[in-house]
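Engineer: The structure that follows is given in the form of structure tokens.
The values are calculated or read from the model by the stated rules, or taken from the named source; none is laboratory data. Only a predicted model underlies this, so the values are computations on that prediction, with no experimental measurement involved. Positions of Cβ are generated from backbone atoms using ideal geometry, with glycine treated the same way; all protein chains shown enter the neighbour counts.
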Amino acid sequence: MWHPPSLEHLRVLSDDTGIIQHAVRDVPNRATGYCTDDVARAFIVACGAASHERLRADALRLGSIYLSFLHDAQLPDGRFHNFMSYERRWLDEVGTEDSLGRAVWALGFGMRGAPREGWRALCGEMLERALPGVNELEHPRAMAFAALGLVHAYEATNRSRASLEVALRRIASVLRAHYETSRAPGWEWFERTMTYDNARLPEALLRIGAALEEPELAGLGLRTLNFYESIVIENRMFVPIGNAGWYSRGGRRARYGQQPLEAAAMVDAALVAHAATAEIRYRRLAEIALEWFYGRNTRDAVMASSGGCFDGLEELAINRNMGAESTLAYLTSALMLAQPATEVLRIAR
């Protein structure tokens, strides 16, 4: 079992409003303010960290701040603002589909795994208000993010909420349709171009398939995860698709502009595959993805430091800023693999 990570840099990035989006080196850049995308991820980290005695006090304090931010961000129609200035002014009328998906992900996770009953209840109320917006999502990744939360909510309610099942079946249908449209010989994927947070797409189908007891959906999740693995694992090293060009079908994949959130997504997807199949190779795949943070990458660069993470791995340099997204990606992965194996499997199911 891996050791739980430090929350030192998370404390540095956070204040009594939320978590600052970006940093200059390891110093928060207040001018960038806050966003729901990051606060949602931070709430998931806080809930996970609360199960570790050494981290619990910080996790409870920070988790309350993050949930309060999400509550304030929710609009009367259930959708969410995304961007807030450092002066606590909302900067948009309504956020992106991704921010809604990530907020629902956090709320569903909170319904199932928040350390306080009051948090779990509030998460349930907020997710109920968000459901109409979830049913209008169109973009595959936003749907996948939402599905991760809906599955946790479905399990938290003992699979008794018909509205959650309906939403999950719609998302599964749309993802399957994207796959059928985009697949080709030698290309088992949901889109003609792999971009960001890639492993979240097969993870969503794996989780939906398990929750709804639909082996065909879980099988599609495994098939696409295996295809993705064949592209990004080189000599037992995780080499994510870079954002400096992505990877289009029939083209050359970008190797740099590697982002920490790709490693985090692979950790989670591989652990879900391990829970679904009991194949130890998927557990090892999760560990290989986590090792990317610790220097097993194409530049032998240690990306994690003092509980934070550098923002990106470039061909000739490391982006040494340590913003929220990268730090939370690292903490999510490190916390998951620091759990006892039985608890990892419970959360992954």
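Engineer: So which residues in the stretch 282-300 are loosely packed, with under 15 Cβ neighbours inside 10 Å and over 15 Å from E234 (Cα atoms)?
Structural biologist: The one that is loosely packed, with under 15 Cβ neighbours inside 10 Å and over 15 Å from E234 (Cα atoms): Y294.
Engineer: Residues in the stretch 96-135 that are assigned to a loop (DSSP other than H, G, I, E, B) and under 17 Å from Y66 (Cα atoms): how many? Walk me through it before giving the result.
Structural biologist: Here is the first cut: in the stretch 96-135, the ones assigned to a loop (DSSP other than H, G, I, E, B) are 96, 114-116, 135.
If we keep only those that are under 17 Å from Y66 (Cα atoms) too, we end up with 114-116.
Selection size over the stretch 96-135: 3.
Engineer: Out of the residues in the stretch 210-226 that are in contact (Cβ under 8 Å) with a residue 40 or more places away in the chain and not aliphatic (A, V, I, L, M), state the one that is surrounded by the most Cβ atoms within 10 Å (Cβ to Cβ).
Structural biologist: G221
Engineer: Here is a follow-up. When you look at S6, is it of a type in the set (S, T, N, Q), surrounded by 17 or more Cβ atoms within 10 Å (Cβ to Cβ) and either more than 21 Å from E291 (Cα to Cα) or at pLDDT below 95 (or both), yes or no? Before the answer, list the steps.
Structural biologist: Numbers: of a type in the set (S, T, N, Q): yes; surrounded by 17 or more Cβ atoms within 10 Å (Cβ to Cβ): yes; either more than 21 Å from E291 (Cα to Cα) or at pLDDT below 95 (or both): no.
Judged against the criteria, S6 is not a match.
Engineer: Can you name every residue in the stretch 311-333 that is in a loop (DSSP other than H, G, I, E, B) and either acidic (D, E) or free of Cβ contacts under 8 Å to residues at least 40 places away in the same chain (or both)?
Structural biologist: Of the stretch 311-333, the ones in a loop (DSSP other than H, G, I, E, B) are 311, 314-317, 320-323.
Within the stretch 311-333, D311, E314, E315, L316, A317 qualify.
Engineer: Also, quick follow-up: Looking at this structure, is L70 buried (at least 20 other Cβ atoms within 10 Å of the Cβ), part of a helix (DSSP H, G or I), among the hydrophobic types (A, V, I, L, M, F, W, C) and modelled with pLDDT of 95 or more?
Structural biologist: Numbers: buried (at least 20 other Cβ atoms within 10 Å of the Cβ): yes; part of a helix (DSSP H, G or I): yes; among the hydrophobic types (A, V, I, L, M, F, W, C): yes; modelled with pLDDT of 95 or more: yes.
Here the answer is yes, as L70 does meet what is asked.
Engineer: Suppose we keep only residues that are in a helix (DSSP H, G or I) and buried (at least 18 other Cβ atoms within 10 Å of the Cβ) within the stretch 50-59. Which one would you say is nearest to the chain's Cα centre (by Cα)?
Structural biologist: A59
For every residue, the table says whether it meets (1) among the basic types (K, R); (2) closer than 19 Å to V39 by Cβ; (3) touching a residue at least 60 places away in the same chain (Cβ under 8 Å).
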| position | (1), (2), (3) |
| --- | --- |
| H71 | no, yes, no |
| G108 | no, yes, no |
| G124 | no, yes, no |
| L127 | no, yes, no |
| N158 | no, no, no |
| V166 | no, no, no |
| R170 | yes, no, no |
| A184 | no, no, yes |
